[in-house]
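Below: one structure, written as structure tokens.
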Amino acid sequence: MEKVGDYDELVNLKATELRLGLPGTEETISCGKSNKRALPDDDTEKEIESTGKTETASPPKAQIVGWPPVRSYRRNSIQTKKNESEGQGNYVKVSMDGAPYLRKIDLTVYKKYPELMKSLENMFKFSVGEYFEREGYKGSDFVPTYEDKDGDWMLIGDVPWEMFVSSCKRLRIMKGSEVKGLGCGV
Amino acid sequence: MTEEEEDSSAKMSEDVKRYLKLDTRSSAAATSEPPCSSSSSASALANNKSRNFKSFEPPCPDHVLENVLENVLQFLTSRCDRNAVSLVCRSWWRVEAQTRFEVFIGNCYSLSPLRLTHRFTRVRSLVLKGKPRFADFNLMPRNWGAQFAPWVAATAKAYPWLEKVHLKRMFVTDDDLALLAESFPGFKELTLVCCEGFGTSGIAVVANKCRQLKVLDLLESEVTDDEVDWLSCFPASETHLESLSFDCVESPINFKALEELVVRSPFLKKLRTNRFVSLEVLHRLMVRAPQLTSLGTGSFSPENVLQGEQEPDYAAAFRACKSISCLSGFRDLTPEYLPAISPVCANLTSLNFSYANISPDMLKPIIRNCHNIRVFWALDSICDEGLQAVAATCKELRELRVFPFDPREDSEGPISGVGLQAISEGCRKLESILYFCQRMTNGAVTAMSENCPQLTVFRLCIMGRHRPDHVTGKPMDVGFGAIVKNCKKLTRLAVSGLLTDEAFSYIGEYGKLIRTLSVAFAGNSDRALRYVLEGCPKLQKLEIRDSPFGDVGLRSGMHRYCNMRFVWLSSCVLSRGGCREVAHALPNVVVEVFGSDDDDDDDTVTGDYVETLYLYRSLDGPRKDAPKFVTIL
């Protein structure tokens, strides 16, 4: 399989290790065809997105709330005709330590962790380092975490994707010292 | 009293004397009747006059003056003129207040219902607007406010003769509608635009109880399906209905009831049906109402596909409706049936295809005949080619709106500057444009600024954030600069694409008539905001999101906020301290601060950070119905 970036390490987990997906599903490469970290509004990224299907194209850009400014009434009216079973979208807040603004992203747009992480990296202009099952993220000061339904702060990537999407209430990209002590799970 | 008022009352005294004499004579003649108040006061006055003239305060000079003024002011309908009149003196203020029948309130929180009913005593028509426009894009939590309830309660007591209510972005409940229907026996017109909070049961009460109802227009509102057959609730007798619009009602309707309603509504001119109305049902309605001028065609798709002669002759139905000038609907268009509208094309002044996925080839044969179109709404599925066809035929076009079929930031976007330029060259009388696209050039925008000098509304939405001119790679500053410079009548502007502070310097320098400005993902610094706030004297509504404007920029508008309807700043770089500063400096301005969720809690990261600032002037101080997640500084 093509090695595209750090996140494809996740894809190459052996059968005995915890997989990021339901048992029996095949992990496919999710990242784009180029090695380049896609920048927002990069024209080449647009080309990739418009040619391939989502599974093989670069990760979908995070949808900003209320943009483009089309009323939900109009969006829904046109969507029913497209016959897509896109639901309401699952918007969660994303904050990053040190950044003065919050963002909201729609989790239903992504199908797996690498897509989400790439999107977050683009949005906040940082990189997350490498994920290891036991030690967490290494190689960067930033650690992506999320708050689950029980109010616990978890490391992104610890649980299967579907479980993450259904239990995630909000995301927080933590920095530096706060991260120590945050293991996997409760 | 001023000198002028004293003079005029001295001059009036001759008239007063004559007035008084007439009254006393008439009251003397009618001895069996108890003296009416005016003559008894007149006689009392006559007696007092000789004894103590100096303490005599005649109410009558004002009455005479006011009677005259009343007769004159009834011809004044413009609210700007009336506002000016009311400032002349107290007497004129009073008479104007008594003769104002139509009241417009642009922000429901700018005053209390009590103030309205105290000042204006004879209101027959009320226009009320609630939430700011960015609430339409999920930037405001639900339950923020703008409830109609206190207004309907106050007007129910004060204006029993109220005839018309027009609400935009208000929260209206079924109870509110029921109270309305019960309180105003002469009620004629209800228009709800972008409202929510009510359902078909509320509509049913209005339909049933408002016996004089002429207009029931539900436009882009959220109407819950209470599974009530509201169409059957109209009275069984002939109705006064002239306009019935329910295209936003997302629930099935009783077709038979609708048909019967149409039959007993001889004055019906506008009928806008929802997407549950198939072609067959539409056909039956058209046959029964050939006098229609405006038709919302529902789904424009047949329920059953019949072959040959069994199928209704849709084109004939359109031919029979000779007065149709406005067409909309097409919610689920089956393309083969589109040509049926051809008979009415030549007379159309307004055509709304914005819910139909219409390709250039589908559009061209239709638009070719629409020489009289003034308003055209469509999806970008018509492509640049379709826009060129519009430009070739629609020389009378005044308003164009092109919406995205795929309203996502990274969608393909089939229209561009090519279409915009074509429109500008073909439709020289254009006044208003809303254009969603993914690719644009300064050249095309500049061309429009030069070709369409009548533009009053220019709203361009380049959907990808921070997109530059896709040919030169430069910011879109020059294009928007040309718009504000060349379109001297411009009152409304929405900008997008990659924009630096320079664009805003142009807006401040040339945008002297701009009343509404919408900004998103634009500018470099506070200077941009300062240019606008210092340069645009007519600015009333300013809505900004996701732009790098902070406390310094906010401060630069202090001198303006009392003269504006509102300012909205979300996801910028404001701090609580900065917002508080404005709140303290301007007691007549309400400063609201809130997040985008109603469950916002303390967050160490965002403690001082202000997600959304919404400020507006108010005569009656901060509102008392603010929910927990709103902080009023």
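Structural remarks
- Residues of the stretch B:333-360 satisfying the condition of being surrounded by fewer than 19 Cβ atoms within 10 Å (Cβ to Cβ), within 14 Å of chain A (Cβ to nearest Cβ) and not polar (S, T, N, Q): B:Pro335
- Scanning the stretch B:513-545 for residues that are part of a loop (DSSP other than H, G, I, E, B) and more than 14 Å from chain A (Cβ to nearest Cβ) gives B:Leu513, B:Ile514, B:Arg515, B:Gly523, B:Asn524, B:Ser525, B:Cys536, B:Pro537, B:Lys538, B:Leu539, B:Gln540.
- All positions within the stretch B:166-175 that are surrounded by 23 or more Cβ atoms within 10 Å (Cβ to Cβ) and either within 14 Å of another protein chain (Cβ to nearest Cβ) or in contact with a helix residue (DSSP H, G or I) (Cβ under 8 Å, 6 or more places away or on another chain) (or both): B:Met170, B:Val172
- Residue in the stretch B:560-580 that is nearest to the chain's Cα centre (by Cα), counting only those that are closer than 12 Å to B:Leu539 by Cα and part of a loop (DSSP other than H, G, I, E, B): B:Arg565
- Of all residues making up the stretch B:560-580, the number that are buried (at least 17 other Cβ atoms within 10 Å of the Cβ), away from chain A (no Cβ under 14 Å), in contact with a Leu (Cβ under 8 Å, 6 or more places away or on another chain) and not aliphatic (A, V, I, L, M): 4
- Single residue of the stretch A:104-144 satisfying the filter (in a helix (DSSP H, G or I) and among the acidic types (Asp, Glu)) that is surrounded by the fewest Cβ atoms within 10 Å (Cβ to Cβ): A:Glu121
- In the stretch B:548-559, the residue that is surrounded by the most Cβ atoms within 10 Å (Cβ to Cβ) out of those that are touching a strand residue (DSSP E or B) at 6+ places or on another chain (Cβ under 9 Å) and part of a helix (DSSP H, G or I) is B:Leu554.
- Residue match in the stretch A:99-113 (condition: within 11 Å of chain B (Cβ to nearest Cβ) and at pLDDT below 60): no
- B:Asp597 being at pLDDT below 95 and within 14 Å of another protein chain (Cβ to nearest Cβ): yes
- Contact annotation: residue pairs with Cβ atoms under 6 Å, 6 or more positions apart or on different chains, pairing a residue in the stretch A:142-166 that is in contact (Cβ under 8 Å) with a residue 12 or more places away in the chain with a partner that is small (Gly, Ala, Ser) and outside any loop (DSSP other than H, G, I, E, B), are A:Asp148/A:Ser167; A:Lys149/A:Ser167; A:Leu155/A:Gly136.
- Number of residues in the stretch B:464-478 that are within 13 Å of B:Thr500 (Cβ to Cβ), without any contact (Cβ under 8 Å) to a residue 40 or more places away in the chain and of a type outside the set (Lys, Arg) equals 6.
- Residue check, B:Val85 outside any helix (DSSP H, G or I) and away from chain A (no Cβ under 14 Å): no
- B:Leu216 satisfies every condition listed in (1) outside any loop (DSSP other than H, G, I, E, B); (2) within 14 Å of another protein chain (Cβ to nearest Cβ) except (2).
- Evaluation of B:Leu513 against the conditions (1) farther than 20 Å from B:Met558 by Cα; (2) in contact (Cβ under 8 Å) with a residue 24 or more places away in the chain shows that the sole unmet condition is (1).
- Of everything in the stretch B:119-138 that is among the small types (Gly, Ala, Ser) and not in a strand (DSSP E or B), the residue that is farthest from the other protein chains (Cβ to nearest Cβ) is B:Gly130.
- Residue match in the stretch B:139-147 (condition: touching an Asp or Glu at 6+ places or on another chain (Cβ under 8 Å) and within 14 Å of chain A (Cβ to nearest Cβ)): yes
- Contacts under 6 angstrom Cβ, first residue in the stretch B:186-210 being farther than 21 Å from B:Asn143 by Cβ, partner of a type in the set (Gly, Ala, Ser), 6 or more apart: B:Val205/B:Ala178; B:Val205/B:Ala181; B:Val206/B:Ala181; B:Lys209/B:Ala181; B:Cys210/B:Ala181
- Checking each residue in the stretch B:467-505 for being in a helix (DSSP H, G or I), basic (Lys, Arg) and more than 29 Å from the chain's Cα centre (by Cα) picks out no residue at all.
- Filtered residues of the stretch B:475-490 (kept if more than 14 Å from chain A (Cβ to nearest Cβ) and touching a Pro at 6+ places or on another chain (Cβ under 8 Å)): B:Asn486, B:Cys487, B:Lys488, B:Lys489
- Selection within the stretch B:280-293: residues that are within 21 Å of B:Asn347 (Cβ to Cβ) and in contact with a Phe, Trp or Tyr (Cβ under 8 Å, 6 or more places away or on another chain). The member of this set that is surrounded by the fewest Cβ atoms within 10 Å (Cβ to Cβ) is B:His283.
- Subset of the stretch B:265-281 (residues that are closer than 18 Å to B:Leu241 by Cβ and in contact with a Ser or Thr (Cβ under 6 Å, 6 or more places away or on another chain)): B:Ser265, B:Lys269, B:Lys270, B:Arg272
- Scanning the stretch A:57-79 for residues that are more than 15 Å from the chain's Cα centre (by Cα), modelled with pLDDT under 75 and more than 8 Å from every other protein chain (Cβ to nearest Cβ) turns up at least one hit.
- Pick from the stretch B:187-204, criterion in a loop (DSSP other than H, G, I, E, B) and within 14 Å of chain A (Cβ to nearest Cβ), ranking: farthest from the chain's Cα centre (by Cα): B:Cys195
- Residue that is nearest to the other protein chains (Cβ to nearest Cβ), among those in the stretch A:145-164 that are surrounded by 13 or more Cβ atoms within 10 Å (Cβ to Cβ) and touching a Ser or Thr at 6+ places or on another chain (Cβ under 7 Å): A:Trp153
- Taking every residue in the stretch B:118-144 that is touching a residue at least 12 places away in the same chain (Cβ under 8 Å) and at positive phi and pairing it with any residue that is assigned to a loop (DSSP other than H, G, I, E, B) and of a type in the set (Ser, Thr, Tyr), at least 6 positions away or on another chain, the pairs with Cβ-Cβ distances below 8 Å are B:Asn138/B:Ser596.
Each row is one residue, and each column tells you yes or no for (1) among the hydrophobic types (A, V, I, L, M, F, W, C); (2) in contact with an Asp or Glu (Cβ under 6 Å, 6 or more places away or on another chain); (3) surrounded by fewer than 17 Cβ atoms within 10 Å (Cβ to Cβ).
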{"site": "B:Gly202", "(1), (2), (3)": "no, yes, no"}
{"site": "B:Val205", "(1), (2), (3)": "yes, no, no"}
{"site": "B:Ser221", "(1), (2), (3)": "no, no, no"}
{"site": "B:Val228", "(1), (2), (3)": "yes, no, no"}
{"site": "B:Phe255", "(1), (2), (3)": "yes, no, no"}
{"site": "B:Arg264", "(1), (2), (3)": "no, yes, yes"}
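- Residue list for the stretch B:386-404, restricted to those being buried (at least 23 other Cβ atoms within 10 Å of the Cβ), under 16 Å from B:Tyr435 (Cα atoms) and not aliphatic (A, V, I, L, M): B:Gly386, B:Phe403, B:Pro404
The values are calculated or read from the model by the stated rules, or taken from the named source; none is laboratory data. It should be emphasised that the depicted structure is a prediction, and the values quoted were computed from it without experimental measurement. Glycine also receives a Cβ, built like all others from the backbone with ideal geometry; neighbour counts cover every protein chain displayed.
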